[in-house]
Amino acid sequence: MKTVISLDDLRQARAQLPAPVGFVPTMGYLHEGHLSLVRQARAACASVVVSIFVNPTQFGPSEDLASYPRNLQRDLALLEEAHVDLVWSPSADEMYPPGFQTWVSVDDLTAPLEGALRPGHFRGVTTVVSKLFNAVQPQKAYFGQKDAQQAAVIGRMVRDLNFPIEIVICPIAREPDGLAMSSRNVYLNVEERQAATVLYRSLLAAQAAVRSGETRAEIVRAAMQEIFDREPLANIQYIAIVDPETFRTRDRLSGGELVLLAVKIGRTRLIDNAILGESM
Ligand code: AMP
């Protein structure tokens with residue numbers, strides 16, 4: 001496994017790699033969710049490239065950029081074990097040179113939910129992912145369903161800008177008790193960690209409601225709300241049931257809708273989602 005920092009070194013190393021190249025962009029502090037993406041890339045591609053970059057432009061001024069967990073040595077050991085060919089951990093200075101003022105942004109899809117609560121977040125994501133794609137030039141790129149709106153936004157961007165890249169969306173990796181794996185789970189103390197399973201439990205309640213024939217989104221959301229009413233450490237930011245393509249709210253359900261939630265447990269913000277009618 002080769003590890004590079006500069007864009008020049010990345011381009012040189014990339015030129016040596018046999019196609020198809022599979023690419024997994026990450027912000028590091030890797031867990032089983034990231035590694036499941038890497039494994040899927042490894043199984044389908046001749047070469048696998050992983051980037052590790054805590055992208056400053058996707059964090060809001062009051063968000064956790066400074067405290068975001070980092071452990072490059074551990075990440076590299078995990079990636080080596082997973083038979084990755086090339087790891088790129090660019091510097092913020094090279095990604096955002098002095099005077100930087102060019103942005104990629106996606107319109108409607110970024111307006112609701114994460115986009116509404118985190119102004120500028122998706123512009124940071126689509127800009128950095130465009131830059132990573134331009135540099136790595138992969139044939140396939142792997143993203144997690146964990147960040148469902150992000151995955152949809154990247155898919156839209158790739159189609160709109162004609163990137164010749166296939167976007168592969170991978171299922172959500174969960175802890176044994178259902179909590180979706182996230183680098184931010186490390187922020188949770190013991191009580192918060194227990195409370196955090198409320199997201200998964202509420203998604204199970206939504207699935208149960210749909211399985212029993214409920215077609216009113218309002219009632220499904222009420223069933224989720226009931227789970228939260230018994231969890232004092234949790235503060236809901238949103239529970240939304242949307243069309244998985246447009247992210248527009250759905251009132252009547254016919255199966256296949258996406259239910260998404262963002263919740264604060266203490267100071268830690270967690271997101272999760274599920275496709276209604278699918279096992280999880
Ligand atoms: P991040 O390092 O948080 O930017 O995540 C990098 C990639 O890993 C993104 O495509 C995420 O959606 C994906 N990812 C993060 N957590 C999970 C998870 N629990 N299961 C599957 N994919 C994940």
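When the Cα centres of region 120-137 and region 1-77 are compared, how far apart do they sit, in Å? That distance is 13 Å.
By DSSP, the beta bridges lying fully in the chain are antiparallel in about 50 percent of cases. Its alpha carbons give region 144-280 an Rg and a Dmax of 15.4, 48 Å. Note that region 73-78 has calculated 3J(HN,Hα) couplings of 4, 5, 4, 5, 4, 5 Hz, one per residue in order, obtained from phi through the Karplus relation 6.51 cos²θ - 1.76 cosθ + 1.60 (θ = phi - 60°); glycine and proline are x. For the chain, lysine pairs separated by 8 or more sequence positions, or belonging to different chains, with Cα-Cα distances below 27 Å total 5. 3J(HN,Hα) couplings calculated from phi for region 211-216 with the Karplus curve 6.51 cos²θ - 1.76 cosθ + 1.60 (θ = phi - 60°) are, in sequence order, 4, 7, x, 5, 10, 9 Hz; Gly and Pro show x. Mind giving me the FRET efficiency for Q73 and N189? R0 is 25 Å, r the Cβ-Cβ distance, nearest 0.05 is fine. So the FRET efficiency works out to roughly 0.50.
Using the Cα coordinates of the chain, the gyration tensor eigenvalues translate into equivalent-ellipsoid semi-axes of 33, 20, 19 Å, sorted from longest to shortest. The mean sequence separation of alpha-carbon pairs under 8 Å and at least six residues apart, normalised by the residue count of the chain, gives a relative contact order of 17 percent.
FYI, it's all coordinate maths here, none of it is from the lab. Please read all numbers here as calculations on a predicted model, not as lab measurements. Cβ sites come from the backbone with ideal geometry, for glycine too, and all protein chains shown count toward neighbours.
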